[in-house]
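Working notes, structure below.
Rule-based calculations on the coordinates, nothing more; no lab input. Since this is a predicted model, take the numbers as computed values, not measurements. Cβ sites come from the backbone with ideal geometry, for glycine too, and all protein chains shown count toward neighbours.
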């Protein structure tokens, strides 16, 4: 999938690289929730976050916006788990209509939804952009679905 990155997004990606030495594959400027969502290269997440979240705090000070990071994974199940972290995803299932249903540990459902639905919106954006898949439902489920 070909996607062009605008100047502002490129600047934010470069700022992350300079401050953290981590590689961002993409950057989404989400005006609705006043945040910047970085898609971090697989394996670079620890470098991007920094010791005790220091790099994220530094980035928030420099850019003046809330920073969120998601680690990329080529497998849609792992990618969905990374998008919803720190909520525990117990299962992911592709429906017949192509939508993705995500099952969350019951005690983590509030975290998975996010304030005002911000985490679900982040999942919708990233899943449609990288896997051409729509997020269907996010359900509380104790049993594992595959």
Here the gain from full extension of residue 111 to residue 18, 0.36 nm per residue of separation minus their alpha-carbon distance, amounts to 30.4 nm
With -39,500 (n - 2.57) per DSSP H segment of 4 or more residues and division by the full residue count of the chain, the 222 nm estimate, nearest 500 deg cm²/dmol, is -11000 deg cm²/dmol
Short to long, in 5 Å steps from zero, the percent of alpha-carbon pairs of the chain per bin is 2, 10, 19, 22, 20, 15, 8, 4, 1
Residue separation between residue 125 and residue 7 times 0.36 nm, minus their alpha-carbon distance, gives in nm 40.5 nm
Shape call for the range 80-140, from the Cα gyration tensor axes a ≥ b ≥ c (a/c under 1.5 means rounded, otherwise prolate when a/b beats b/c, else oblate), comes out oblate
Restricted to the chain, the DSSP antiparallel beta bridge percent, nearest 5, is 50
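If neighbour count is taken as other Cβ atoms inside 10 Å, put 104, 111 in order from fewest to most.
Details: 104 21, 111 16.
In increasing order of surrounding Cβ atoms, one gets 111, 104.
When DSSP beta bridges are limited to those with both residues in the range 80-140, what percentage is antiparallel, rounded to the nearest 5? Can you show the working numbers first?
Numbers: 5 of 9 bridges.
Among the beta bridges of the range 80-140, antiparallel pairing accounts for roughly 55 percent.
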